[in-house]
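All remarks here apply to the structure that follows.
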């Protein structure tokens, strides 16, 4: 069914929300592609989107689109795929299709974005390097945008530390922007992944980058802004992170330095100031990533853990309330919660209250 996902990905005016409405109305991606005009109107398509879809049906050779993609050796993930990043699925409008070079791994659940200006100062480069080396050395996957300046420093530092890094691009993965980062992109694909919501052939147009930034923050537990003006893409990424419920961190700088305007104002508005990487690791409960990875790989979820997930959410829930709802012995519940916390599935937020630390799987599934 990949060809229908690729087809919708090329229809102007049909984004994630309208595609979800089509799936709800039609039941499957194939049925949505072949839906009648009445069904399309019932799903909420306006006249322009409807005409765009009809035109795409008449002009696109979907089998040829699949063949062309295979020739580029670019992989895809759609909402239907279990490997689609669960954290990204939580967004209001996650990209229906992700294009990949490289590989996404379970440990990429523990990801932090490090972003900043393209015109990085010596101070900014040094801080970004130090922060990223420590984060990657602690087992954290570092996410950034492959841009000049802070982004490139973050990617290189993560790999230097032997860690993983993800680069989100604002163009198709058949090309690299900026072009001088081709070698860096190849290294990232071998030690992480290049990611885009755009199919091959899409150029790096300026309008693509704000949307790209929402994926950077959406993949991450938190975003660290090292340098940037208040109007910079890095600050836009931080604002999107706040809208997505992610943590925002900022590196303070001189009040006289234009490059520190963004981070300083973010701190003034409530972002967590970063003096070293431990500020990030502690705030995000990432000080034991290696142990959490071992627990996830070695100790499978048991029936008690699966049952407790039904009674946990992002809202704090006291262990006594969980016990009443689950109707299980308190010692069995506390033991399971302790193991789930080690696995990074739940967090204790004080007073024996627990919240989900991450979703157990994609929140949007196609039946």
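Derivation of every value follows stated rules applied to the coordinates shown; laboratory data play no part. Note that the coordinates shown come from a computational prediction; the quantities given were computed from them, not determined experimentally. Cβ placement follows ideal geometry from the backbone for every residue including glycine, while neighbour counts extend to all protein chains displayed.
Annotations
- The calculated FRET efficiency for the pair residue 302 and residue 265, based on their C-beta separation and a Förster distance of 35 Å, comes to about 0.15.
- Label point distance in nm, residue 81-residue 342, each placed 7 Å from Cα along Cα→Cβ: 3.3 nm
- Pairwise FRET efficiency - residue 36 versus residue 63, Cβ, R0 = 22 Å, nearest 0.05: 0.45
- The distance between label points at residue 356 and residue 203 comes to 4.2 nm (points 7 Å beyond Cα on the Cα→Cβ vector).
- Inter-part distance where the stretch 148-169 and the stretch 212-242 are each reduced to a Cα centre, Å: 15 Å
- Based on Cα atoms of the stretch 1-44, Rg over Rh with Rh as the Kirkwood radius reads 0.91.
- Tensor-based shape of the stretch 4-145 (alpha-carbon gyration tensor, a/c under 1.5 rounded, otherwise prolate or oblate): prolate
- GNM flexibility winner over the chain from 75, 317, 207 (Cα, springs under 10 Å): 207
- Cα-based shape type of the stretch 1-88, given that a ≥ b ≥ c are square roots of the gyration tensor eigenvalues and the cut on a/c is 1.5: oblate
- Per-peptide average of other Cβ atoms within 10 Å, ordering 89-96, 253-260 highest first: 89-96, 253-260
- D by Stokes-Einstein for the stretch 299-356, Kirkwood Rh over Cα pairs, 4 °C, 1.567 mPa s: 117 µm²/s.
- Each helix, a run of at least 4 DSSP H residues, gives -39500 (n - 2.57); summed and divided by the residues of the chain, these come to -13000 deg cm²/dmol at 222 nm.
- Rounded, prolate or oblate (a/c below 1.5 giving rounded, otherwise prolate when a/b exceeds b/c) for the stretch 215-269 by Cα gyration tensor: prolate
- As a proxy for reagent exposure, 354, 123, 177 were ordered by neighbouring Cβ count within 10 angstrom, fewest first; the result is 123, 177, 354.
- DSSP-defined beta bridges in the stretch 102-283 - what % are antiparallel, rounded to 5: 5 percent
- Beta bridges by DSSP in the chain, antiparallel share as percent, to the nearest 5: 40 percent
- Residues residue 255 and residue 276, FRET efficiency given R0 of 30 Å [Cβ-Cβ distance, rounded to 0.05]: 0.90
- Coordinate range along principal axes, alpha carbons of the chain, Å, largest first: 59, 58, 36
- Fewest neighbouring Cβ atoms within 10 Å first, the residues 279, 109 line up as 279, 109.
- Alpha carbon convex hull of the stretch 102-283, projected area averaged over orientations, nm²: 9.1 nm²
- The stretch 102-283, relative contact order [Cα under 8 Å, separation at least 6], %: 22 percent
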